[in-house]
1. If you scan segment 50-68, which residues turn out to be open to solvent by 90 Å² or more (accessible area, probe 1.4 Å), touching a residue at least 12 places away in the same chain (Cβ under 8 Å) and in contact with a strand residue (DSSP E or B) (Cβ under 7 Å, 6 or more places away or on another chain)?
2. When residues of segment 22-49 are filtered for being surrounded by fewer than 10 Cβ atoms within 10 Å (Cβ to Cβ), modelled with pLDDT under 95, within 30 Å of Trp94 (Cα to Cα) and more than 12 Å from the chain's Cα centre (by Cα), how many remain?
3. Quick check on Gly78: is it under 14 Å from Gly93 (Cα atoms) and surrounded by 14 or more Cβ atoms within 10 Å (Cβ to Cβ)?
4. Could you tell me whether segment 87-103 includes any residue that is open to solvent by 40 Å² or more (accessible area, probe 1.4 Å), assigned to a helix (DSSP H, G or I), at pLDDT 95 or above and among the charged types (D, E, K, R)?
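The values are calculated or read from the model by the stated rules, or taken from the named source; none is laboratory data. From a predicted model like this one, the values you see are computed outputs, not experimental measurements. Neighbour counts are summed over all protein chains in view; Cβ atoms, including those assigned to glycine, are modelled from backbone coordinates with ideal geometry. All accessible areas refer to the heavy atoms of the entire protein, side chains included, with ligands and DNA or RNA removed. Shrake-Rupley method; radii C 1.70, N 1.55, O 1.52, S 1.80 Å.
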Amino acid sequence: MTIARLFPHLLRAGVALGLLATAAFVAGPAKACAFCDTYRVVNVDETDVLYMRSGPSRHHRIVGAIPHDGYGVIKAGGCRGNWCLMEHYGKSGWVNMRYLRYIQ
């Protein structure tokens, strides 16, 4: 094969390599923290759970529970006062943020 016939392939490979290098530079190094940008449960006794509720108060129906040492809780919606709509392993409900701490 001649250089003229290989040139388009080499050009595409060079562009692809440049895009990969740019993406790696822009994204930065991978985080070592598996639960970064999530929340963990705090201030809950080890014999208790953090309840998820159908609405933003303790008077709403319980729709789920997060263990006293639960991790990986993410925001699933907005907040009302100190209550936010959160998700934990596919289950969502309102949680009092007094019992969650953000993990950077």
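1. Tyr51 - this is the single residue of segment 50-68 that is open to solvent by 90 Å² or more (accessible area, probe 1.4 Å), touching a residue at least 12 places away in the same chain (Cβ under 8 Å) and in contact with a strand residue (DSSP E or B) (Cβ under 7 Å, 6 or more places away or on another chain).
2. Here the count works out to 1.
3. No: the conditions fail for Gly78.
4. Yes, there is a match, as at least one residue in segment 87-103 is open to solvent by 40 Å² or more (accessible area, probe 1.4 Å), assigned to a helix (DSSP H, G or I), at pLDDT 95 or above and among the charged types (D, E, K, R).
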